């Protein structure tokens, strides 16, 4: 198979990170998560901490903004007053994602990569989801001190945050099936089952 890129979007608690890691091991290609922040920092000269603060989130002002699809691809110069704005941070991160897709086979977790790479023919766009109760059980396994209600609120908050981030930069809905080639229920399939389905889908969506 020729070079390929897999983008993985995921609901909180659906196991998307584990699935991405296992997929990376199975296909023997790198996956990028927070590594993207370091790369964007190196390219821009902007401290990685600022990228971390804006990672897959927007502030209240942006959340309440009527603006849609604010990503244009433009990167502002260092002398701009908005050089370290969340919009410019996203643009630097988008630049890294597009360069990686051009250079190598890889897997990219989150960060609206499915939208940024939607016009490429070598990309398989995946969404991982699961029923709320199953996601709560997963989150509870590493948040032992939280109550049932706290876990449920945390999951809903994280999903809302990701949806708002995605809508703000793309003008589209994060869970819209039209944005993905493959949507998998990790509770029904299990992590290994999801990995297998994605591998089986690669030759269907990405032609030699």
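Descriptive notes on the structure:
- Region 179-208: number of residues that are at pLDDT 95 or above and outside any helix (DSSP H, G or I): 6
- Scan of region 111-133 for residues that are within 17 Å of residue 190 (Cβ to Cβ) and either at pLDDT below 95 or crowded, with 17+ Cβ neighbours inside 10 Å (or both), ordered by number: 126, 127, 128, 129, 130
- In region 43-55, the condition of being at pLDDT 70 or above, surrounded by fewer than 18 Cβ atoms within 10 Å (Cβ to Cβ) and under 30 Å from residue 195 (Cβ atoms) is met by no residue.
- Residue in region 95-106 that is modelled with pLDDT of 90 or more, in contact with a helix residue (DSSP H, G or I) (Cβ under 6 Å, 6 or more places away or on another chain) and surrounded by fewer than 22 Cβ atoms within 10 Å (Cβ to Cβ) present: yes
- Within region 146-178, the set of residues being assigned to a loop (DSSP other than H, G, I, E, B) and touching a strand residue (DSSP E or B) at 6+ places or on another chain (Cβ under 8 Å) comprises 174, 175.
- Of the residues making up region 1-24, those that are touching a strand residue (DSSP E or B) at 6+ places or on another chain (Cβ under 9 Å) and in a helix (DSSP H, G or I) are 16, 17, 19, 20, 21, 23, 24.
- Failed item, numbered, when residue 63 is tested on (1) buried (at least 20 other Cβ atoms within 10 Å of the Cβ); (2) within 23 Å of residue 173 (Cα to Cα); (3) modelled with pLDDT under 90: (1)
- If you go through region 1-45 and pick out every residue that is in contact (Cβ under 8 Å) with a residue 24 or more places away in the chain and in contact with a helix residue (DSSP H, G or I) (Cβ under 8 Å, 6 or more places away or on another chain), you end up with 30.
The values are calculated or read from the model by the stated rules, or taken from the named source; none is laboratory data. All values reported here derive from a predicted model rather than from experimental measurement. Every residue, glycine as well, gets a Cβ built from its backbone with ideal geometry; the counts of neighbours run over all protein chains shown.
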